[in-house]
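Participant: Structure below; questions to follow.
Readers should treat all values here as calculations from the given coordinates under stated rules, not as data from a laboratory. Treat the numbers as computed from the prediction; the structure is a model and nothing was measured. All Cβ positions, even for glycine, are placed from backbone atoms using ideal geometry, and neighbour counts span all protein chains on display.
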Amino acid sequence: MIALRFYRIYDIGLEIDLDWLERELAQSFLTARTSFLRVKPKSIIMDVPPLLIRMGESTVEKEGRKFEFTVFAHIFDIGAISLYFVHERPEADFALLEETALLFAGQEGLSDLFLSHLKTLTGILKPHIRGFALIPDFYEDYTIYLMDWMDRSIDPLPLLAGEKRDFSPQMREEILKGTQSYTQDDLTLLSWDSALLCNPDSPTDLFDLIEFANVQVFELRYYDRELSRQMGKMYDEIVLADKLPSFRRRHRYRLIMMQLMQNNAEISEVTEKVNNLIKVTEDIYYARVYASTLKMLRSSQWSESVSHRIEVIRDNYSMLSEEVRIQHSNHLEWIVIILIAFEIVIAIVERLL
């Protein structure tokens, strides 16, 4: 058997009540909470397991051929949606897997199908999401290929890279450095936007583990983008405030500070949940696969970028706070000077009279 699983991950808001959503969707869709099957319950920890929804079947025509996909969605309480299409062929070889993978390289031809199902989901979810905000053209895509047998004679590079080329030794090493195995009969090849699993057993846990790592990194990318937008807005508002008279400028600074404090609290809370979305503890192999996936996706770089932007915003908050304090102090000093001058004038007038 071969299988292709095409994923796209979107952010639609700050928070989703999955318990409520599960009850609401139970009558219209097949739903379940994600659980890991092979490992001990405490080996992989998720505080709030995502909600799995089966959304039916879809057909895509490509170069005169029809491909049947089963459509699923994972809904995460942190505001992320992971849509994925599964195409399986019970009797097929690696040649067909490679041919199909190259036909859909870069998920070409699937955008309309993703957007159609995304629209269906967001229409259901929108009234019940805190801070709903969807950017359809900002997403993370990832593809996982499956063979239910081991064949070390195949060359997986064209499939993982999405093209047939005479790859250099350096590129070959780069693409294959994320290789992991649990036994002599299985193989997991991890790349930056795809993975190949050779496994005689259905590796459901590995599918989910790789997907969840992608969700984490996408959310970090999303909030890095959001923080960058907020920083640009903050600088523009400070420039405009600096042009105002002293009293209005101080008032405007306070409004900017209130907004910064609110945004920083919300994003810090969400990014904390993102970083703790999943914890792999006792299972060494799953921990290695999870860590390798995060490394391939450059998770640490995105996490550092988010932390840096949060720190910059906090520094600007401190500077604005100090500026407001200084202006307030100066204002009080002028009031004292005016009062003293007023008393002197009154004393002089009294003496003249």
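Participant: Please report, for the Cα atoms of the chain, the Rg to one decimal and the Dmax as a whole number; what are they, in angstrom?
Facilitator: 27.8, 114
Participant: Something else about it: Using the charge dipole of the chain (Lys, Arg: +1 at Cβ; Asp, Glu: -1 at Cβ; taken about the Cα centre), state which of Ser153, Leu227, Thr31 has its Cα farthest towards the positive end.
Facilitator: Leu227
Participant: Debye sum, Cα scatterers, the range 72-144, no solvent: what log₁₀ I/I(0) at q = 0.17, 0.26 1/Å?
Facilitator: Treating every Cα as an identical point scatterer, log10 I(q)/I(0) equals -0.75, -1.35.
Participant: Right, here's the next one. Please report the relative contact order for the range 230-352, taking Cα pairs under 8 Å with a sequence separation of at least 6, and give it as a percent rounded to a whole number.
Facilitator: In percent, rounded to a whole number, it is 33.
Participant: Can you count the Lys pairs in the range 213-349 whose Cα atoms are under 26 Å apart, with each pair 8 or more apart or on different chains?
Facilitator: 4
Participant: Let me ask you something else. Where does the charge balance sit around Ala265 when Lys and Arg score +1, Asp and Glu -1, over other residues with C-beta under 15 Å from its C-beta?
Facilitator: Net charge in that neighbourhood comes out at -2.
Participant: Taking springs between alpha-carbon atoms closer than 10 angstrom, which of Ser321, Ser168, Ser268 fluctuates most in the Gaussian network model of the chain?
Facilitator: Ser168
Participant: Count the DSSP beta bridges whose two residues both fall in the chain, then state the antiparallel fraction as a percent rounded to the nearest 5.
Facilitator: Within the chain, antiparallel bridges account for around 90 percent of the total.
Participant: Specify the inter-centroid distance of the range 81-95 and the range 242-264, based on alpha-carbon positions, in whole Å.
Facilitator: Taking the Cα centre of each part, the range 81-95 and the range 242-264 sit 54 Å apart.
Participant: With springs connecting C-alpha atoms under 10 Å apart, model the chain as a Gaussian network and identify which of Phe132, Phe342, Phe36 has the largest mean-square fluctuation.
Facilitator: Phe342
Participant: Once the mean 1/r over all distinct Cα pairs of the range 2-206 is inverted, what Kirkwood radius in angstroms do you read off?
Facilitator: 18.5 Å
Participant: Pairs of alpha-carbon atoms within less than 8 angstrom and 6+ residues apart define the contacts here; what relative contact order does the chain have, in percent?
Facilitator: Dividing the mean separation by the residue count of the chain yields 20 percent.
Participant: Project the alpha carbons of the range 213-349 onto their principal axes and report the range along each, largest first, in whole Å.
Facilitator: Principal-axis extents of the Cα atoms in the range 213-349, largest first: 91, 29, 17 Å.
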